[in-house]
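Remarks on the structure that follows.
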Amino acid sequence: MYMLVETHSNSVLHLKRSPGIRSWSLLVGISSVGLAAAYYSEDSIGWKLFYIAGCLFVAVQNLEDWEEAVFEKDVGKLFLETFSLYKKLLTLSRAGHERVVFPLDEIRAVNVQEEKVRYFGKGYVVVLRFVTGLSHPLTQNAVMGCRSDVEAMAKLITTFLELNRVSNHRDPESSSDTDGSDVNDPGGQH
């Protein structure tokens, strides 16, 4: 699964992503190697602790990040937050928590992009396209083999931000033969 919908209302869309089964499997598998090496070796306690700590370090390094995306129409901003257990343990500070803020009115398109995942093939990620020309992925990691989940998430975001409605309203205005006097009338919007 790409992302879970935590909250969905007219003004807030809150999406979350946790490490997937592949990440947890790697964590358990690599940690087990360290524990087995320590258990079955006849080395000193120092070396056994080194085996365990080394494998735990590599295991946590391969764990995916926890990610959140909060679209708030009332505030007019998108908050992308990432929490990395590896960075948190490595620095012993708040460095594992990153936050990026984007204005919602600058998002012009939401697309699904295919990425090559080393050793595993193709993965898919939602990419936000901004009016400035900047493109930013919704998550840092692509999901493998579930293009339909990623496309459904892109459609949900597009619908929530009313990007289809914005593009449809612009087309008739640009091709209209009227003088456009009622287009900017604030009284006609309510």
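So LYS48 clears everything in (1) surrounded by fewer than 17 Cβ atoms within 10 Å (Cβ to Cβ); (2) in a helix (DSSP H, G or I) except one condition, right? Which one?
(1)
In segment 96-108, which residue that is closer than 30 Å to ASN164 by Cβ and open to solvent by 30 Å² or more (accessible area, probe 1.4 Å) is modelled with the lowest pLDDT?
Ranking the qualifying residues of segment 96-108, first place goes to ARG99.
Does LYS155 satisfy the condition of being surrounded by fewer than 17 Cβ atoms within 10 Å (Cβ to Cβ), at pLDDT 90 or above and out of contact with any strand residue (DSSP E or B) (no Cβ under 7 Å at 6 or more places or on another chain)? Quick ask: steps written out before the conclusion?
Working: surrounded by fewer than 17 Cβ atoms within 10 Å (Cβ to Cβ): yes; at pLDDT 90 or above: yes; out of contact with any strand residue (DSSP E or B) (no Cβ under 7 Å at 6 or more places or on another chain): yes.
Taking the combined requirement at face value, the residue satisfies it.
Right, ASN141: closer than 30 Å to LEU56 by Cβ and either open to solvent by 70 Å² or more (accessible area, probe 1.4 Å) or modelled with pLDDT under 85 (or both) or not?
yes
Write out, first by first residue and then by second, each pair whose Cβ atoms fall under 6 Å of each other, whose residues are 6+ apart or on separate chains, and whose first residue, in segment 19-47, is on the phi < 0 side of the Ramachandran plot while the second is open to solvent by less than 40 Å² (accessible area, probe 1.4 Å) and assigned to a helix (DSSP H, G or I).
Correct list of pairs: LEU27/ALA59; ILE30/CYS55; ILE30/ALA59; SER31/CYS55; SER31/ALA59; VAL33/CYS55; GLY34/CYS55.
Could you tell me whether any residue of segment 130-139 is β-branched (Val, Ile, Thr), part of a loop (DSSP other than H, G, I, E, B) and under 12 Å from the mean Cα position of the chain (by Cα)?
Within segment 130-139 (the criterion being β-branched (Val, Ile, Thr), part of a loop (DSSP other than H, G, I, E, B) and under 12 Å from the mean Cα position of the chain (by Cα)), the answer is yes, since at least one residue qualifies.
Exactly one of (1) touching a Lys or Arg at 6+ places or on another chain (Cβ under 8 Å); (2) under 30 Å from LEU104 (Cα atoms); (3) surrounded by 17 or more Cβ atoms within 10 Å (Cβ to Cβ) is unmet by LEU13. Its number?
Failing condition for LEU13: (1).
Any residue in segment 87-95 that is open to solvent by 60 Å² or more (accessible area, probe 1.4 Å) and either within 17 Å of the chain's Cα centre (by Cα) or modelled with pLDDT of 90 or more (or both)?
Scanning segment 87-95, I find no residue that is open to solvent by 60 Å² or more (accessible area, probe 1.4 Å) and either within 17 Å of the chain's Cα centre (by Cα) or modelled with pLDDT of 90 or more (or both), so the answer is no.
Of GLU42, GLU6, which residue is open to solvent by 70 Å² or more (accessible area, probe 1.4 Å) and not in a strand (DSSP E or B)? Steps first, answer last, please.
Working: GLU6 fails: not in a strand (DSSP E or B).
Exactly one residue qualifies, and that residue is GLU42.
Select, from ARG147, ARG129, the only residue that is under 27 Å from LEU4 (Cα atoms), basic (Lys, Arg) and modelled with pLDDT of 90 or more.
Matching residue, one of ARG147, ARG129: ARG129.
When segment 99-129 is examined, which residues are found to be assigned to a strand (DSSP E or B) and at positive phi?
If the condition is that a residue be assigned to a strand (DSSP E or B) and at positive phi, then GLY121 is the only one that fits.
Could you tell me which residue of segment 68-86 is most open to solvent (accessible area, probe 1.4 Å), considering only residues that are in a strand (DSSP E or B) and farther than 19 Å from ARG129 by Cα?
Only one residue tops the list, namely PHE83.
The values are calculated or read from the model by the stated rules, or taken from the named source; none is laboratory data. What you see is a predicted model; the values in this text were computed from it and never measured. Because the Cβ atoms are built from the backbone with ideal geometry, glycine has one as well, and the counts that use them run over all protein chains shown. Areas reflect the complete protein model, heavy atoms only, side chains present, ligands, DNA and RNA absent. Shrake-Rupley method; radii C 1.70, N 1.55, O 1.52, S 1.80 Å.
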